[in-house]
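A.B. asks: First the structure, then my questions, so here it is.
The values are calculated or read from the model by the stated rules, or taken from the named source; none is laboratory data. Since this is a predicted model, take the numbers as computed values, not measurements. Neighbour counts are summed over all protein chains in view; Cβ atoms, including those assigned to glycine, are modelled from backbone coordinates with ideal geometry.
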Amino acid sequence: MFLLHPTRETAAPLGAWLGMAWGVLLESCVSGGFDPGGAWAQRGVRLSLGLIRLGSVYALLGMAFTGLLGEAAGMPGLRLLRYLWVGRYVTAGAPLLFLRLGLARPQRTIEVVPTDPPPRDL
């Protein structure tokens, strides 16, 4: 899609979507997910920390691209890359950070219960 219409308007949503898809795959392979429950205070700390980090990732990527490339930093390809990393942080970086800081617990694994009864001896 981006190759057919490489503009700023397509770069942001496509980059965010690709980054989130990449992050979901990475997060499910590395940690297996996390339990979003917990006390309201714990959820508030996660929300605050996650938003602060998200803003810093977005701002630092913008400053890095502008500092290194000047006017070329607004190119659609770099915008796609910026939003790709933002999307990846949202779905993989933040959950891993919460797990490492002890603000979340790993997601519980679901036990597989056999649906067929055991065979009977005749």
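A.B. asks: Please enumerate the residues belonging to the stretch 19-33 that are under 18 Å from Arg105 (Cα atoms) and assigned to a helix (DSSP H, G or I).
C.D. replies: Once the filter is applied, which keeps residues that are under 18 Å from Arg105 (Cα atoms) and assigned to a helix (DSSP H, G or I), the stretch 19-33 yields Val24, Leu26, Glu27, Ser28, Cys29, Val30.
A.B. asks: How many residues does the stretch 22-43 contain that are in contact (Cβ under 8 Å) with a residue 12 or more places away in the chain and closer than 30 Å to Gly77 by Cβ?
C.D. replies: Within the stretch 22-43, residues that are in contact (Cβ under 8 Å) with a residue 12 or more places away in the chain and closer than 30 Å to Gly77 by Cβ number 6.
A.B. asks: What residue, of Gly23, Gly67, Gly38, Gly62, is over 12 Å from Leu97 (Cβ atoms) and surrounded by fewer than 14 Cβ atoms within 10 Å (Cβ to Cβ)?
C.D. replies: None of the others qualify; the one that does is Gly67.
A.B. asks: Going by what's in this entry, would Ala16 be described as touching an Asp or Glu at 6+ places or on another chain (Cβ under 6 Å), part of a helix (DSSP H, G or I) and buried (at least 18 other Cβ atoms within 10 Å of the Cβ)? Full working, then the answer.
C.D. replies: Numbers: touching an Asp or Glu at 6+ places or on another chain (Cβ under 6 Å): no; part of a helix (DSSP H, G or I): yes; buried (at least 18 other Cβ atoms within 10 Å of the Cβ): yes.
In short, no.
A.B. asks: I would also like to ask the following. Exactly one of these conditions fails for Thr109: (1) surrounded by fewer than 18 Cβ atoms within 10 Å (Cβ to Cβ); (2) at pLDDT 80 or above. Give me its number.
C.D. replies: Result: Thr109 passes all but (2).
A.B. asks: Could I ask something else about it? For the stretch 1-12, what are the residues that are surrounded by fewer than 14 Cβ atoms within 10 Å (Cβ to Cβ) and modelled with pLDDT of 70 or more?
C.D. replies: Kept after step one, since they are surrounded by fewer than 14 Cβ atoms within 10 Å (Cβ to Cβ), are these residues of the stretch 1-12: 1, 3-5, 7-9.
Of everything in the stretch 1-12, those that are surrounded by fewer than 14 Cβ atoms within 10 Å (Cβ to Cβ) and modelled with pLDDT of 70 or more turn out to be Thr7, Arg8, Glu9.
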